[in-house]
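Colleague: Sharing a structure, written as C-alpha coordinates. Questions coming.
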Amino acid sequence: MPAESDTTEENGLTLQNLAERFYYSDVEGHDKSGEEENQEILRSDAKYMGSPVKMLYFPKVFTEQGFSRVREAGETAWKILVKVIREYLDHPDYRKLFGFPAELEEMICRRPEYSMLLPLCRLDMFLNEETGDFKFCEFNADGSSAMNENRIMTEAYRKTEMYRDFAERYEQEPFELFDSWVRVFLNLVRQAGHYPEHPQVAVVDFLEKSITSAELEAFAEAFRRQGSDACVAEIRGLTYDGEHLYTPEGFRIDAIYRRAVTGDILDHRGEIEPFLSAVRDRKVCLIGDFCTQVVHDKILFKILHLDRTKAFLSDEENRYIEEHVPYTADLTPDLLTKEKFMHTEWVCRSGKICRWILKPEDSYGAHGIYYSGDLTDEKWQELLKERAGKGYVIQEYVSPYRTLNADYTDTDYRDNPWQEQAKGQKSPRIHSFANMTGMYLYGGHLAGIYSRLSPLNIISVEGDEHEMVSVVARRRS
(Lines give C-alpha, C1' and ligand atoms only; values in the text may rest on other atoms or scores of the structure.)
Protein backbone atom coordinates (compact mmCIF):
# COMPACT_ATOMS: atom_id res chain seq x y z
CA MET A 1 0.00 0.00 0.00
CA PRO A 2 1.36 3.48 -0.80
CA ALA A 3 2.78 5.53 2.04
CA GLU A 4 0.49 8.14 3.58
CA SER A 5 2.60 11.00 2.28
CA ASP A 6 2.48 9.62 -1.27
CA THR A 7 -1.29 9.41 -1.53
CA THR A 8 -3.42 12.16 -3.02
CA GLU A 9 -6.77 11.11 -1.62
CA GLU A 10 -9.11 13.91 -2.62
CA ASN A 11 -10.57 13.30 -6.08
CA GLY A 12 -13.64 15.51 -6.12
CA LEU A 13 -16.59 13.68 -4.63
CA THR A 14 -15.11 10.17 -4.58
CA LEU A 15 -11.86 8.40 -3.68
CA GLN A 16 -11.29 7.00 -7.18
CA ASN A 17 -7.59 7.94 -7.19
CA LEU A 18 -7.01 6.11 -3.94
CA ALA A 19 -8.62 2.91 -5.28
CA GLU A 20 -6.26 2.98 -8.27
CA ARG A 21 -3.23 3.51 -6.01
CA PHE A 22 -4.24 0.61 -3.80
CA TYR A 23 -4.60 -1.63 -6.85
CA TYR A 24 -1.20 -0.82 -8.31
CA SER A 25 0.53 -1.26 -4.96
CA ASP A 26 -0.23 -5.02 -5.20
CA VAL A 27 -1.56 -5.94 -8.63
CA GLU A 28 -1.14 -9.68 -8.13
CA GLY A 29 -2.93 -9.66 -4.78
CA HIS A 30 -5.80 -7.51 -6.04
CA ASP A 31 -6.18 -9.60 -9.20
CA LYS A 32 -6.54 -12.73 -7.06
CA SER A 33 -9.04 -10.94 -4.83
CA GLY A 34 -10.98 -9.64 -7.86
CA GLU A 35 -11.22 -13.13 -9.38
CA GLU A 36 -12.57 -14.50 -6.10
CA GLU A 37 -15.12 -11.68 -5.85
CA ASN A 38 -16.31 -12.32 -9.40
CA GLN A 39 -16.80 -16.03 -8.67
CA GLU A 40 -18.84 -15.18 -5.60
CA ILE A 41 -21.10 -12.92 -7.67
CA LEU A 42 -21.57 -15.67 -10.27
CA ARG A 43 -22.73 -18.05 -7.52
CA SER A 44 -25.04 -15.50 -5.90
CA ASP A 45 -28.62 -14.28 -6.41
CA ALA A 46 -27.36 -11.00 -7.89
CA LYS A 47 -29.06 -11.53 -11.23
CA TYR A 48 -30.73 -9.39 -13.85
CA MET A 49 -33.37 -11.15 -15.96
CA GLY A 50 -31.88 -14.48 -14.88
CA SER A 51 -28.23 -13.68 -15.72
CA PRO A 52 -25.52 -12.75 -13.17
CA VAL A 53 -24.73 -9.07 -12.93
CA LYS A 54 -21.26 -7.90 -13.91
CA MET A 55 -19.58 -6.40 -10.87
CA LEU A 56 -16.45 -4.29 -11.17
CA TYR A 57 -13.70 -4.50 -8.59
CA PHE A 58 -13.08 -0.88 -7.56
CA PRO A 59 -15.81 0.48 -5.26
CA LYS A 60 -17.56 3.82 -5.67
CA VAL A 61 -16.34 5.40 -2.43
CA PHE A 62 -18.08 8.71 -1.78
CA THR A 63 -16.55 11.27 0.53
CA GLU A 64 -18.95 12.89 3.00
CA GLN A 65 -18.87 15.96 0.75
CA GLY A 66 -19.74 13.80 -2.24
CA PHE A 67 -22.59 12.06 -0.46
CA SER A 68 -23.99 15.41 0.67
CA ARG A 69 -23.90 16.63 -2.94
CA VAL A 70 -25.79 13.57 -4.15
CA ARG A 71 -28.32 13.83 -1.33
CA GLU A 72 -29.02 17.50 -2.10
CA ALA A 73 -29.46 16.70 -5.81
CA GLY A 74 -31.89 13.85 -5.15
CA GLU A 75 -33.98 15.44 -2.44
CA THR A 76 -34.34 18.71 -4.36
CA ALA A 77 -35.55 16.79 -7.42
CA TRP A 78 -38.00 14.79 -5.29
CA LYS A 79 -39.65 17.97 -3.99
CA ILE A 80 -40.08 19.24 -7.55
CA LEU A 81 -41.55 15.93 -8.72
CA VAL A 82 -44.08 15.91 -5.89
CA LYS A 83 -45.19 19.42 -6.93
CA VAL A 84 -45.64 18.17 -10.50
CA ILE A 85 -47.78 15.22 -9.37
CA ARG A 86 -49.92 17.52 -7.23
CA GLU A 87 -50.40 19.94 -10.12
CA TYR A 88 -51.46 17.04 -12.33
CA LEU A 89 -54.04 15.91 -9.77
CA ASP A 90 -55.44 19.41 -9.18
CA HIS A 91 -55.57 20.92 -12.68
CA PRO A 92 -57.18 19.30 -15.78
CA ASP A 93 -55.34 21.64 -18.17
CA TYR A 94 -52.00 20.36 -16.87
CA ARG A 95 -53.08 16.75 -17.31
CA LYS A 96 -53.64 17.35 -21.02
CA LEU A 97 -49.93 18.06 -21.51
CA PHE A 98 -49.10 14.45 -20.65
CA GLY A 99 -51.50 12.95 -23.18
CA PHE A 100 -52.29 9.90 -21.07
CA PRO A 101 -55.25 7.75 -22.20
CA ALA A 102 -58.48 8.34 -20.30
CA GLU A 103 -58.27 5.09 -18.36
CA LEU A 104 -54.76 5.84 -17.12
CA GLU A 105 -55.72 9.41 -16.24
CA GLU A 106 -58.60 8.08 -14.15
CA MET A 107 -56.28 5.67 -12.33
CA ILE A 108 -53.75 8.44 -11.62
CA CYS A 109 -56.40 10.83 -10.29
CA ARG A 110 -57.65 8.27 -7.75
CA ARG A 111 -55.68 9.84 -4.91
CA PRO A 112 -53.87 7.51 -2.49
CA GLU A 113 -55.09 6.97 1.06
CA TYR A 114 -51.96 8.59 2.48
CA SER A 115 -50.47 12.05 1.97
CA MET A 116 -47.15 11.16 0.34
CA LEU A 117 -47.52 11.22 -3.45
CA LEU A 118 -44.10 9.74 -4.28
CA PRO A 119 -43.09 7.23 -1.58
CA LEU A 120 -40.30 5.54 -3.54
CA CYS A 121 -38.27 6.44 -6.58
CA ARG A 122 -34.83 6.03 -8.09
CA LEU A 123 -33.50 9.09 -9.88
CA ASP A 124 -30.62 8.35 -12.25
CA MET A 125 -28.09 11.03 -13.12
CA PHE A 126 -24.73 11.57 -14.80
CA LEU A 127 -22.49 12.97 -12.07
CA ASN A 128 -19.11 14.54 -12.72
CA GLU A 129 -17.16 13.30 -9.71
CA GLU A 130 -14.55 16.05 -9.98
CA THR A 131 -16.74 19.13 -10.37
CA GLY A 132 -20.04 17.99 -8.79
CA ASP A 133 -21.97 18.98 -11.93
CA PHE A 134 -24.76 16.61 -12.95
CA LYS A 135 -27.63 16.06 -15.35
CA PHE A 136 -30.48 13.62 -14.95
CA CYS A 137 -30.90 10.62 -17.21
CA GLU A 138 -34.29 9.28 -16.11
CA PHE A 139 -36.73 8.99 -13.23
CA ASN A 140 -38.05 5.63 -12.02
CA ALA A 141 -40.90 5.12 -9.56
CA ASP A 142 -42.43 1.96 -8.09
CA GLY A 143 -40.67 -0.54 -10.34
CA SER A 144 -37.25 0.68 -9.17
CA SER A 145 -34.99 -2.29 -8.54
CA ALA A 146 -31.40 -3.47 -7.87
CA MET A 147 -31.61 -3.19 -4.08
CA ASN A 148 -30.72 -6.88 -3.77
CA GLU A 149 -27.78 -6.50 -6.13
CA ASN A 150 -26.49 -3.67 -3.93
CA ARG A 151 -26.75 -5.89 -0.84
CA ILE A 152 -24.96 -8.86 -2.41
CA MET A 153 -22.22 -6.69 -3.91
CA THR A 154 -21.61 -5.14 -0.50
CA GLU A 155 -21.17 -8.60 1.05
CA ALA A 156 -18.74 -9.64 -1.68
CA TYR A 157 -16.79 -6.38 -1.45
CA ARG A 158 -16.20 -6.82 2.28
CA LYS A 159 -14.11 -9.93 1.54
CA THR A 160 -11.74 -8.21 -0.89
CA GLU A 161 -8.25 -6.87 -0.49
CA MET A 162 -9.55 -3.52 -1.75
CA TYR A 163 -11.97 -3.32 1.18
CA ARG A 164 -9.19 -4.12 3.63
CA ASP A 165 -6.93 -1.43 2.16
CA PHE A 166 -9.64 1.20 2.50
CA ALA A 167 -10.58 -0.05 5.98
CA GLU A 168 -7.12 0.84 7.33
CA ARG A 169 -7.90 4.53 6.80
CA TYR A 170 -11.69 4.80 6.44
CA GLU A 171 -14.88 3.62 8.00
CA GLN A 172 -17.00 2.48 5.06
CA GLU A 173 -20.75 2.74 5.38
CA PRO A 174 -22.85 0.74 2.88
CA PHE A 175 -26.52 1.42 2.13
CA GLU A 176 -29.33 -0.57 3.73
CA LEU A 177 -32.24 -0.59 1.27
CA PHE A 178 -34.73 -3.14 2.64
CA ASP A 179 -35.68 -2.39 6.27
CA SER A 180 -35.47 1.34 5.59
CA TRP A 181 -38.12 1.04 2.86
CA VAL A 182 -40.34 -1.22 4.97
CA ARG A 183 -40.43 1.38 7.76
CA VAL A 184 -41.57 4.08 5.31
CA PHE A 185 -44.13 1.69 3.79
CA LEU A 186 -45.71 0.66 7.10
CA ASN A 187 -45.94 4.28 8.27
CA LEU A 188 -47.96 5.09 5.14
CA VAL A 189 -50.32 2.15 5.73
CA ARG A 190 -50.87 3.36 9.31
CA GLN A 191 -51.59 6.83 7.94
CA ALA A 192 -54.45 5.37 5.87
CA GLY A 193 -56.05 4.55 9.22
CA HIS A 194 -58.27 1.51 8.63
CA TYR A 195 -55.87 -1.43 8.24
CA PRO A 196 -54.55 -3.80 10.92
CA GLU A 197 -51.69 -2.61 13.13
CA HIS A 198 -49.49 -5.23 11.49
CA PRO A 199 -50.89 -5.42 7.95
CA GLN A 200 -50.37 -8.47 5.79
CA VAL A 201 -48.33 -7.38 2.79
CA ALA A 202 -47.96 -8.74 -0.74
CA VAL A 203 -45.05 -7.76 -2.97
CA VAL A 204 -46.85 -7.83 -6.32
CA ASP A 205 -45.55 -8.07 -9.89
CA PHE A 206 -45.96 -9.84 -13.20
CA LEU A 207 -43.49 -12.43 -12.03
CA GLU A 208 -42.26 -13.51 -15.44
CA LYS A 209 -41.30 -9.86 -16.05
CA SER A 210 -39.71 -9.41 -12.64
CA ILE A 211 -36.02 -8.60 -12.95
CA THR A 212 -35.09 -10.68 -9.92
CA SER A 213 -37.37 -12.88 -7.81
CA ALA A 214 -34.72 -13.03 -5.07
CA GLU A 215 -35.15 -9.28 -4.53
CA LEU A 216 -38.91 -9.58 -4.09
CA GLU A 217 -38.41 -12.38 -1.56
CA ALA A 218 -35.85 -10.26 0.29
CA PHE A 219 -38.43 -7.50 0.67
CA ALA A 220 -41.03 -9.99 1.92
CA GLU A 221 -38.54 -11.15 4.55
CA ALA A 222 -37.90 -7.52 5.56
CA PHE A 223 -41.63 -7.04 6.17
CA ARG A 224 -41.65 -10.13 8.38
CA ARG A 225 -38.78 -8.71 10.41
CA GLN A 226 -40.99 -5.68 11.13
CA GLY A 227 -43.88 -7.85 12.34
CA SER A 228 -46.00 -8.02 9.17
CA ASP A 229 -46.62 -11.34 7.48
CA ALA A 230 -45.71 -11.01 3.81
CA CYS A 231 -45.49 -12.91 0.54
CA VAL A 232 -44.55 -12.45 -3.12
CA ALA A 233 -47.61 -12.64 -5.37
CA GLU A 234 -48.33 -12.90 -9.08
CA ILE A 235 -50.69 -10.01 -9.84
CA ARG A 236 -52.79 -12.13 -12.24
CA GLY A 237 -53.41 -14.82 -9.60
CA LEU A 238 -55.25 -12.68 -7.04
CA THR A 239 -58.94 -13.08 -6.12
CA TYR A 240 -61.36 -10.58 -4.56
CA ASP A 241 -64.59 -11.28 -2.66
CA GLY A 242 -65.72 -7.68 -2.26
CA GLU A 243 -64.07 -7.29 1.14
CA HIS A 244 -60.58 -8.77 0.87
CA LEU A 245 -57.96 -9.52 -1.76
CA TYR A 246 -56.35 -12.97 -1.61
CA THR A 247 -53.50 -14.94 -3.13
CA PRO A 248 -54.29 -18.42 -4.55
CA GLU A 249 -53.00 -19.87 -1.26
CA GLY A 250 -55.63 -17.95 0.72
CA PHE A 251 -53.27 -15.27 2.07
CA ARG A 252 -55.31 -12.15 2.88
CA ILE A 253 -53.71 -8.97 1.56
CA ASP A 254 -54.06 -5.70 3.48
CA ALA A 255 -51.35 -3.72 1.71
CA ILE A 256 -49.47 -4.03 -1.59
CA TYR A 257 -45.92 -3.05 -2.43
CA ARG A 258 -46.42 -2.57 -6.16
CA ARG A 259 -43.49 -3.59 -8.32
CA ALA A 260 -45.63 -4.06 -11.43
CA VAL A 261 -45.08 -1.01 -13.61
CA THR A 262 -48.13 0.89 -14.80
CA GLY A 263 -47.51 0.17 -18.48
CA ASP A 264 -47.70 -3.57 -17.86
CA ILE A 265 -50.84 -3.12 -15.74
CA LEU A 266 -52.57 -1.31 -18.61
CA ASP A 267 -51.45 -3.93 -21.13
CA HIS A 268 -52.89 -6.75 -18.97
CA ARG A 269 -55.80 -4.98 -17.29
CA GLY A 270 -58.27 -7.60 -18.51
CA GLU A 271 -56.34 -10.27 -16.60
CA ILE A 272 -56.05 -8.41 -13.27
CA GLU A 273 -59.57 -7.18 -12.54
CA PRO A 274 -59.57 -8.56 -8.93
CA PHE A 275 -56.48 -6.45 -8.15
CA LEU A 276 -57.93 -3.34 -9.82
CA SER A 277 -61.33 -3.74 -8.13
CA ALA A 278 -59.83 -4.09 -4.63
CA VAL A 279 -57.73 -0.98 -5.25
CA ARG A 280 -60.72 1.02 -6.55
CA ASP A 281 -62.82 -0.04 -3.54
CA ARG A 282 -59.98 0.90 -1.15
CA LYS A 283 -59.99 -2.57 0.36
CA VAL A 284 -56.22 -2.77 0.01
CA CYS A 285 -53.60 -0.06 0.57
CA LEU A 286 -51.61 0.35 -2.65
CA ILE A 287 -48.06 1.71 -2.31
CA GLY A 288 -47.15 3.33 -4.59
CA ASP A 289 -50.41 4.36 -6.04
CA PHE A 290 -50.87 5.10 -9.75
CA CYS A 291 -50.18 8.83 -9.38
CA THR A 292 -46.47 7.94 -9.46
CA GLN A 293 -46.82 7.29 -13.20
CA VAL A 294 -46.59 11.06 -13.70
CA VAL A 295 -42.93 10.77 -12.68
CA HIS A 296 -42.12 7.51 -14.43
CA ASP A 297 -43.14 8.60 -17.93
CA LYS A 298 -40.21 9.93 -20.02
CA ILE A 299 -42.36 12.75 -21.41
CA LEU A 300 -41.95 14.48 -18.04
CA PHE A 301 -38.50 15.70 -19.07
CA LYS A 302 -40.15 17.75 -21.82
CA ILE A 303 -42.94 19.00 -19.57
CA LEU A 304 -40.50 20.22 -16.91
CA HIS A 305 -39.17 22.78 -19.42
CA LEU A 306 -42.62 24.16 -20.37
CA ASP A 307 -43.84 27.58 -19.23
CA ARG A 308 -46.89 25.89 -17.69
CA THR A 309 -44.60 24.03 -15.29
CA LYS A 310 -42.40 27.04 -14.63
CA ALA A 311 -45.47 28.94 -13.50
CA PHE A 312 -45.98 26.89 -10.31
CA LEU A 313 -42.31 26.28 -9.46
CA SER A 314 -40.06 28.73 -7.67
CA ASP A 315 -37.30 30.63 -9.45
CA GLU A 316 -34.76 28.42 -7.71
CA GLU A 317 -36.53 25.24 -8.83
CA ASN A 318 -36.72 26.48 -12.42
CA ARG A 319 -33.00 27.21 -12.40
CA TYR A 320 -32.43 23.69 -11.09
CA ILE A 321 -34.38 22.21 -14.02
CA GLU A 322 -32.62 24.42 -16.55
CA GLU A 323 -29.22 23.29 -15.25
CA HIS A 324 -29.89 19.62 -14.59
CA VAL A 325 -32.72 18.29 -16.83
CA PRO A 326 -31.67 17.70 -20.47
CA TYR A 327 -33.71 19.27 -23.27
CA THR A 328 -36.37 16.76 -24.37
CA ALA A 329 -39.09 16.69 -27.04
CA ASP A 330 -41.74 14.28 -28.37
CA LEU A 331 -40.58 12.53 -31.54
CA THR A 332 -43.48 13.50 -33.79
CA PRO A 333 -43.63 13.73 -37.60
CA ASP A 334 -43.84 17.54 -37.22
CA LEU A 335 -40.59 17.57 -35.27
CA LEU A 336 -38.77 16.07 -38.24
CA THR A 337 -39.39 19.28 -40.17
CA LYS A 338 -37.02 21.09 -37.78
CA GLU A 339 -33.56 20.88 -39.21
CA LYS A 340 -31.46 20.38 -36.08
CA PHE A 341 -33.19 17.14 -35.06
CA MET A 342 -32.25 15.46 -38.34
CA HIS A 343 -28.52 15.68 -37.66
CA THR A 344 -26.53 13.51 -35.29
CA GLU A 345 -24.79 16.64 -33.93
CA TRP A 346 -26.20 20.08 -33.06
CA VAL A 347 -25.25 23.21 -31.16
CA CYS A 348 -26.93 23.28 -27.73
CA ARG A 349 -27.78 26.26 -25.51
CA SER A 350 -24.26 26.45 -24.07
CA GLY A 351 -22.76 26.66 -27.55
CA LYS A 352 -21.26 23.17 -27.35
CA ILE A 353 -21.56 20.50 -30.01
CA CYS A 354 -24.06 17.97 -28.65
CA ARG A 355 -25.69 14.72 -29.73
CA TRP A 356 -29.04 13.03 -29.22
CA ILE A 357 -30.54 10.08 -27.35
CA LEU A 358 -33.72 8.45 -28.65
CA LYS A 359 -35.76 6.45 -26.11
CA PRO A 360 -39.32 5.13 -25.56
CA GLU A 361 -41.60 7.37 -23.50
CA ASP A 362 -42.56 4.65 -21.03
CA SER A 363 -40.07 1.82 -20.63
CA TYR A 364 -37.78 0.21 -18.09
CA GLY A 365 -34.53 -1.76 -18.12
CA ALA A 366 -32.92 0.77 -20.53
CA HIS A 367 -34.28 -1.06 -23.58
CA GLY A 368 -34.76 0.53 -27.01
CA ILE A 369 -32.31 3.39 -26.53
CA TYR A 370 -30.35 4.82 -29.47
CA TYR A 371 -27.38 7.21 -29.45
CA SER A 372 -26.90 9.47 -32.48
CA GLY A 373 -23.12 9.32 -32.08
CA ASP A 374 -23.21 5.64 -33.07
CA LEU A 375 -24.90 6.40 -36.40
CA THR A 376 -24.35 8.30 -39.63
CA ASP A 377 -26.71 11.16 -40.47
CA GLU A 378 -28.37 8.93 -43.03
CA LYS A 379 -29.00 6.07 -40.56
CA TRP A 380 -30.13 8.53 -37.90
CA GLN A 381 -32.69 10.08 -40.23
CA GLU A 382 -34.00 6.63 -41.16
CA LEU A 383 -34.37 5.78 -37.47
CA LEU A 384 -36.23 9.01 -36.69
CA LYS A 385 -38.67 8.52 -39.54
CA GLU A 386 -39.27 4.92 -38.47
CA ARG A 387 -39.93 5.84 -34.79
CA ALA A 388 -41.77 9.18 -35.28
CA GLY A 389 -45.25 9.15 -33.75
CA LYS A 390 -44.65 5.78 -32.05
CA GLY A 391 -44.15 6.83 -28.46
CA TYR A 392 -40.53 8.00 -28.48
CA VAL A 393 -38.80 11.09 -27.10
CA ILE A 394 -35.61 12.68 -28.39
CA GLN A 395 -33.29 14.07 -25.74
CA GLU A 396 -30.09 16.05 -25.43
CA TYR A 397 -27.24 13.57 -24.94
CA VAL A 398 -25.13 14.02 -21.83
CA SER A 399 -21.60 12.66 -21.99
CA PRO A 400 -21.07 10.47 -18.92
CA TYR A 401 -18.14 10.89 -16.57
CA ARG A 402 -15.63 8.10 -17.23
CA THR A 403 -13.41 6.31 -14.73
CA LEU A 404 -10.99 3.39 -14.77
CA ASN A 405 -11.82 0.10 -13.10
CA ALA A 406 -10.65 -3.50 -12.89
CA ASP A 407 -12.93 -6.01 -14.62
CA TYR A 408 -12.82 -9.78 -13.99
CA THR A 409 -15.98 -10.63 -15.94
CA ASP A 410 -16.16 -12.09 -19.45
CA THR A 411 -16.53 -8.70 -21.17
CA ASP A 412 -14.92 -8.49 -24.63
CA TYR A 413 -13.09 -5.18 -25.03
CA ARG A 414 -11.77 -5.78 -28.51
CA ASP A 415 -12.70 -3.03 -30.99
CA ASN A 416 -14.21 -0.92 -28.22
CA PRO A 417 -13.61 2.72 -29.24
CA TRP A 418 -13.82 4.04 -25.68
CA GLN A 419 -10.87 1.99 -24.44
CA GLU A 420 -8.41 4.54 -25.77
CA GLN A 421 -8.86 6.19 -22.39
CA ALA A 422 -7.41 3.12 -20.64
CA LYS A 423 -4.27 2.93 -22.76
CA GLY A 424 -1.01 3.13 -20.87
CA GLN A 425 -2.32 1.20 -17.87
CA LYS A 426 0.06 -1.41 -16.51
CA SER A 427 -2.63 -4.07 -16.09
CA PRO A 428 -4.78 -5.71 -18.81
CA ARG A 429 -7.62 -5.78 -16.27
CA ILE A 430 -8.01 -1.99 -16.24
CA HIS A 431 -10.61 -0.52 -18.61
CA SER A 432 -12.53 2.73 -19.05
CA PHE A 433 -16.19 3.00 -18.01
CA ALA A 434 -19.00 5.53 -18.32
CA ASN A 435 -20.73 6.14 -14.97
CA MET A 436 -24.35 6.59 -13.91
CA THR A 437 -25.41 7.37 -10.35
CA GLY A 438 -28.84 6.23 -9.17
CA MET A 439 -30.38 7.75 -6.05
CA TYR A 440 -32.97 5.78 -4.05
CA LEU A 441 -35.41 8.16 -2.35
CA TYR A 442 -37.58 6.61 0.37
CA GLY A 443 -40.17 9.01 1.76
CA GLY A 444 -38.34 11.92 0.15
CA HIS A 445 -34.98 11.17 1.76
CA LEU A 446 -31.90 9.66 0.14
CA ALA A 447 -31.67 6.04 1.27
CA GLY A 448 -28.85 4.80 -0.96
CA ILE A 449 -26.86 5.02 -4.16
CA TYR A 450 -26.78 2.57 -7.07
CA SER A 451 -23.77 2.81 -9.39
CA ARG A 452 -24.01 1.49 -12.95
CA LEU A 453 -21.35 1.64 -15.63
CA SER A 454 -20.65 0.61 -19.20
CA PRO A 455 -17.51 0.28 -21.32
CA LEU A 456 -19.57 2.07 -23.99
CA ASN A 457 -21.22 5.46 -23.56
CA ILE A 458 -24.81 4.21 -23.24
CA ILE A 459 -25.38 2.53 -19.89
CA SER A 460 -27.91 -0.18 -20.66
CA VAL A 461 -28.28 -3.92 -21.00
CA GLU A 462 -27.49 -3.57 -24.71
CA GLY A 463 -24.44 -1.49 -23.74
CA ASP A 464 -22.92 -4.32 -21.65
CA GLU A 465 -23.95 -2.83 -18.32
CA HIS A 466 -21.76 -3.34 -15.25
CA GLU A 467 -22.29 -2.47 -11.60
CA MET A 468 -20.15 -1.56 -8.61
CA VAL A 469 -20.68 -1.32 -4.88
CA SER A 470 -21.20 2.17 -3.42
CA VAL A 471 -20.22 3.24 0.08
CA VAL A 472 -19.64 6.44 2.06
CA ALA A 473 -16.16 6.79 3.58
CA ARG A 474 -15.33 8.60 6.81
CA ARG A 475 -11.70 9.11 7.76
CA ARG A 476 -10.65 7.22 10.87
CA SER A 477 -9.43 9.51 13.64
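Colleague: Condition (residue is open to solvent by 10 Å² or more (accessible area, probe 1.4 Å), part of a strand (DSSP E or B) and not aliphatic (A, V, I, L, M)) applied to the range 417-440: is it met by at least one residue?
Modeller: yes
Colleague: Of a type in the set (Ser, Thr, Tyr) and touching a Pro at 6+ places or on another chain (Cβ under 7 Å): is that true of TYR163 in this structure? Full working, then the answer.
Modeller: Working: of a type in the set (Ser, Thr, Tyr): yes; touching a Pro at 6+ places or on another chain (Cβ under 7 Å): no.
In short, no.
Colleague: State yes or no: is LYS302 in a helix (DSSP H, G or I) and either surrounded by fewer than 13 Cβ atoms within 10 Å (Cβ to Cβ) or without any contact (Cβ under 8 Å) to a residue 24 or more places away in the chain (or both)?
Modeller: Details: in a helix (DSSP H, G or I): yes; either surrounded by fewer than 13 Cβ atoms within 10 Å (Cβ to Cβ) or without any contact (Cβ under 8 Å) to a residue 24 or more places away in the chain (or both): no.
In short, no.
Colleague: Restricted to the range 315-333, and to residues that are touching a Gly at 6+ places or on another chain (Cβ under 9 Å) and either open to solvent by 80 Å² or more (accessible area, probe 1.4 Å) or not in a strand (DSSP E or B) (or both), which residue is farthest from LYS302 (Cα to Cα)? Please lay out each step first, then the result.
Modeller: Quick first cut of the range 315-333, residues touching a Gly at 6+ places or on another chain (Cβ under 9 Å) only: 330-333.
Pick out the ones that are also either open to solvent by 80 Å² or more (accessible area, probe 1.4 Å) or not in a strand (DSSP E or B) (or both) and you get 331-333.
Details: LEU331: 11, THR332: 13, PRO333: 17 Å.
Ranking the qualifying residues of the range 315-333, first place goes to PRO333.
Colleague: Let me ask something else about it. Scanning for something assigned to a loop (DSSP other than H, G, I, E, B), open to solvent by less than 40 Å² (accessible area, probe 1.4 Å), modelled with pLDDT of 95 or more and farther than 22 Å from SER115 by Cβ, does the range 150-165 turn up at least one residue?
Modeller: Taking the range 150-165 as the starting set, the residues that turn out to be assigned to a loop (DSSP other than H, G, I, E, B) are 158-160.
Subsequent filtering for residues that are open to solvent by less than 40 Å² (accessible area, probe 1.4 Å) retains 160.
From what is left, the residues that are modelled with pLDDT of 95 or more are 160.
Keeping just the survivors that are farther than 22 Å from SER115 by Cβ gives 160.
Within the range 150-165, one or more residues are assigned to a loop (DSSP other than H, G, I, E, B), open to solvent by less than 40 Å² (accessible area, probe 1.4 Å), modelled with pLDDT of 95 or more and farther than 22 Å from SER115 by Cβ.
Colleague: Confirm whether GLU103 is within 25 Å of ALA214 (Cβ to Cβ), among the acidic types (Asp, Glu) and out of contact with any Pro (no Cβ under 9 Å at 6 or more places or on another chain).
Modeller: Values: within 25 Å of ALA214 (Cβ to Cβ): no; among the acidic types (Asp, Glu): yes; out of contact with any Pro (no Cβ under 9 Å at 6 or more places or on another chain): yes.
No.
Colleague: Another one. Scanning for something over 29 Å from LEU358 (Cα atoms), without any contact (Cβ under 8 Å) to a residue 40 or more places away in the chain and touching a strand residue (DSSP E or B) at 6+ places or on another chain (Cβ under 8 Å), does the range 190-208 turn up at least one residue?
Modeller: no
Colleague: Same structure, new question: Do we find a residue being touching a strand residue (DSSP E or B) at 6+ places or on another chain (Cβ under 7 Å), open to solvent by 10 Å² or more (accessible area, probe 1.4 Å) and at positive phi anywhere in the range 391-407?
Modeller: yes
Colleague: Restricting the search to the range 449-472, which residues are touching a Gly at 6+ places or on another chain (Cβ under 9 Å), part of a strand (DSSP E or B) and of a type outside the set (A, V, I, L, M, F, W, C)?
Modeller: Within the range 449-472, TYR450, SER451, ARG452, SER454, SER470 qualify.
Colleague: Going residue by residue through the range 29-37, is there one that turns out to be acidic (Asp, Glu), part of a helix (DSSP H, G or I), without any contact (Cβ under 8 Å) to a residue 24 or more places away in the chain and open to solvent by 30 Å² or more (accessible area, probe 1.4 Å)? Lay out the reasoning, then the answer.
Modeller: Here is the first cut: in the range 29-37, the residues acidic (Asp, Glu) are 31, 35-37.
Applying the additional criterion that residues be part of a helix (DSSP H, G or I) yields 31, 35-37.
From the residues that got through so far, the ones that are without any contact (Cβ under 8 Å) to a residue 24 or more places away in the chain too are none.
No, the range 29-37 contains no residue that is acidic (Asp, Glu), part of a helix (DSSP H, G or I), without any contact (Cβ under 8 Å) to a residue 24 or more places away in the chain and open to solvent by 30 Å² or more (accessible area, probe 1.4 Å).
Colleague: Output the residues belonging to the range 38-63 that are of a type in the set (A, V, I, L, M) and either part of a loop (DSSP other than H, G, I, E, B) or within 19 Å of GLU465 (Cβ to Cβ) (or both). Spell out how you get there, then give the answer.
Modeller: Restricting attention to the range 38-63, the residues satisfying the condition of being of a type in the set (A, V, I, L, M) are 41-42, 46, 49, 53, 55-56, 61.
Matches in the range 38-63: ILE41, LEU42, ALA46, MET49, VAL53, MET55, LEU56.
Colleague: Shifting gears a bit: Could you list, in sequence order, the residues of the range 45-74 that are in contact with a helix residue (DSSP H, G or I) (Cβ under 9 Å, 6 or more places away or on another chain) and modelled with pLDDT under 95?
Modeller: Scanning the range 45-74 gives ASP45, ALA46, LYS47, TYR48, PRO52, VAL53.
Colleague: Oh, and also: Restrict the check to the range 93-100 and report whether at least one residue is outside any helix (DSSP H, G or I) and either touching a residue at least 60 places away in the same chain (Cβ under 8 Å) or open to solvent by less than 50 Å² (accessible area, probe 1.4 Å) (or both). Break it down stepwise before answering.
Modeller: Going through the range 93-100, the residues outside any helix (DSSP H, G or I) turn out to be 99-100.
Filter once more, so that each one left must be either touching a residue at least 60 places away in the same chain (Cβ under 8 Å) or open to solvent by less than 50 Å² (accessible area, probe 1.4 Å) (or both): 99-100.
Yes.
Colleague: Let me ask another. Quick one: which of LYS379, LYS390 is out of contact with any His (no Cβ under 9 Å at 6 or more places or on another chain) and not in a loop (DSSP other than H, G, I, E, B)?
Modeller: Numbers: LYS390 fails: not in a loop (DSSP other than H, G, I, E, B).
Answer to the selection: LYS379.
The values are calculated or read from the model by the stated rules, or taken from the named source; none is laboratory data. This one's a predicted model, so the numbers in the text were calculated from it and none came from an experiment. All Cβ positions, even for glycine, are placed from backbone atoms using ideal geometry, and neighbour counts span all protein chains on display. SASA here: full protein model, heavy atoms, side chains in, ligands and nucleic acids out. Shrake-Rupley method; radii C 1.70, N 1.55, O 1.52, S 1.80 Å.
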